[in-house]
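For reference, the structure discussed in these notes is given below.
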Amino acid sequence: MRTGRPLLALVLALVLVLAWLAGCASDPEDPGDSGEPTSPSASGSSAPSSVSPSGSEATSSPPATPQSTRYRPDPAEVDAAAKRTAARAVEELRWVRQVTYTQYFGYLPPSASILVEADFEKRGGTTYDVRISRQGPGWQVDSVTPAEPVPPLADPSRLIRRVLDSDRIRLPWAGRADVASGRIAEEVLRSMLAVAEQHEITISVLVSAHPELVFGTDRRSRHPDGFAYDIGSIDGRLVVDPRNRAAVRDVMRLATDTGADQVGGPEDLDGGGSQYFADLTHSDHVHVGFDG
């Protein structure tokens, strides 16, 4: 009988469709990727679950994403596994709904410090400093430290209100709290406003959660004293994205025009001069610093 052949073809087609659907539903991350966090060693490292949910709640805040998804690093990242390891450690915290951004505070293998921004399940969010170290082929989480919450000024200045109200400056939870608290230098606030006249900018870090020392050195960073800011995205596109190079260069030059004496990013615009600098740590953001 010939009726068995159409039935067999129908069954095979159904199997293929089900297999395709299963493939679409699977996580496209490389199953062999070493970016999944491993447990901290027993030598005093703190596990992510021990972190308290210190964070910021602001009435004027970045809109929350309606549905949480696992963080995926940009394909252009210098070390996607390092960032994924840090992001997964924060995603494991029970009060965290979603990781929204990561950035290098310092990248000096076999160790690194990763900025991780996250939204909370209920309200608000914060920035974490996640320390990781390379163990064999992968990365291990050593510590997860949230930004310390700071109270806002009762009567903020007009300059502070301009920054907080700007629709061209996007601030993270911790960064918004930094501005509202009055701990950011006026030249930094004015610089952000000036750059934002030409480009929409997303600030990744100001003071909160930033290490006191430049990673791997004994030099004090300008961030903890309120004299620096970092830009993670320009005109809605990540700084690390190679397609955004023209805008990144323009923003770096604009920042210099505002009086910044420290401007770092993915590219050294003066070829080893004293005004600009580039390294792996700054491959994913623009650093703008002022001499306080």
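The values are calculated or read from the model by the stated rules, or taken from the named source; none is laboratory data. In this text, all values refer to a predicted model and were calculated from it rather than measured experimentally. Here the Cβ is made from the backbone with ideal geometry for all residues, glycine too, and neighbour counts use every protein chain on show.
Given the residues Thr127, Thr145, which is the only one that is closer than 23 Å to Asp235 by Cβ and in a strand (DSSP E or B)?
Unique residue meeting the criteria: Thr127.
Suppose we filter the range 209-242 for residues that are of a type outside the set (Val, Ile, Thr) and more than 18 Å from Glu187 (Cα to Cα); how many remain?
Of the residues in the range 209-242, 18 are of a type outside the set (Val, Ile, Thr) and more than 18 Å from Glu187 (Cα to Cα).
If you go through the range 235-250, how many residues are within 18 Å of Gln103 (Cα to Cα) and touching a residue at least 40 places away in the same chain (Cβ under 8 Å)?
5
Give the residue that is farthest from Val240 (Cα to Cα), with candidates limited to residues of the range 169-227 that are of a type in the set (S, T, N, Q) and touching a His at 6+ places or on another chain (Cβ under 8 Å).
Only one residue tops the list, namely Ser221.
Yes/no matrix, rows are residues, columns are (1) touching a helix residue (DSSP H, G or I) at 6+ places or on another chain (Cβ under 9 Å); (2) more than 24 Å from Ala112 (Cβ to Cβ); (3) outside the structural domain of Leu206 (by TED's automatic domain parsing); (4) surrounded by fewer than 20 Cβ atoms within 10 Å (Cβ to Cβ):
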{"residue": "Gly236", "(1), (2), (3), (4)": "no, yes, no, yes"}
{"residue": "Pro242", "(1), (2), (3), (4)": "no, no, no, yes"}
{"residue": "Arg249", "(1), (2), (3), (4)": "no, yes, no, yes"}
{"residue": "Gly259", "(1), (2), (3), (4)": "yes, yes, no, yes"}
{"residue": "Val263", "(1), (2), (3), (4)": "yes, no, no, no"}
{"residue": "Asp270", "(1), (2), (3), (4)": "no, yes, no, yes"}
{"residue": "Thr281", "(1), (2), (3), (4)": "no, no, no, no"}
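Looking at the range 268-292 only, could you name the residues that are under 16 Å from Glu77 (Cβ atoms) and part of a loop (DSSP other than H, G, I, E, B)?
Asp279, Leu280, His285 - these are the residues of the range 268-292 that are under 16 Å from Glu77 (Cβ atoms) and part of a loop (DSSP other than H, G, I, E, B).
Test Leu171 against the stated conditions and say whether it is surrounded by fewer than 22 Cβ atoms within 10 Å (Cβ to Cβ) and within 20 Å of the chain's Cα centre (by Cα).
no
Picking from Val144, Val163, Val205, Val195, which residue would you name as being buried (at least 16 other Cβ atoms within 10 Å of the Cβ), touching a Phe, Trp or Tyr at 6+ places or on another chain (Cβ under 8 Å), among the β-branched types (Val, Ile, Thr) and closer than 20 Å to Thr256 by Cα?
Every option except Val205 fails the conditions.
Under 7 Å between Cβ atoms, which residue pairs at least 6 apart in sequence (or on different chains) link something in the range 254-275 that is under 16 Å from Met192 (Cα atoms) with a partner that is loosely packed, with under 14 Cβ neighbours inside 10 Å?
Final answer for the pair search is Asp261/Asp291.
Please state which one of Arg183, Arg176, Arg162 is closer than 20 Å to Asp119 by Cβ and among the charged types (D, E, K, R).
Arg176
Where the second residue is among the acidic types (Asp, Glu) and at pLDDT below 95 and the first is in a helix (DSSP H, G or I) and lies in the range 88-109, which pairs have Cβ atoms under 7 Å and are six or more apart or on separate chains?
Filtered contacts from the range 88-109: Arg88/Glu36.
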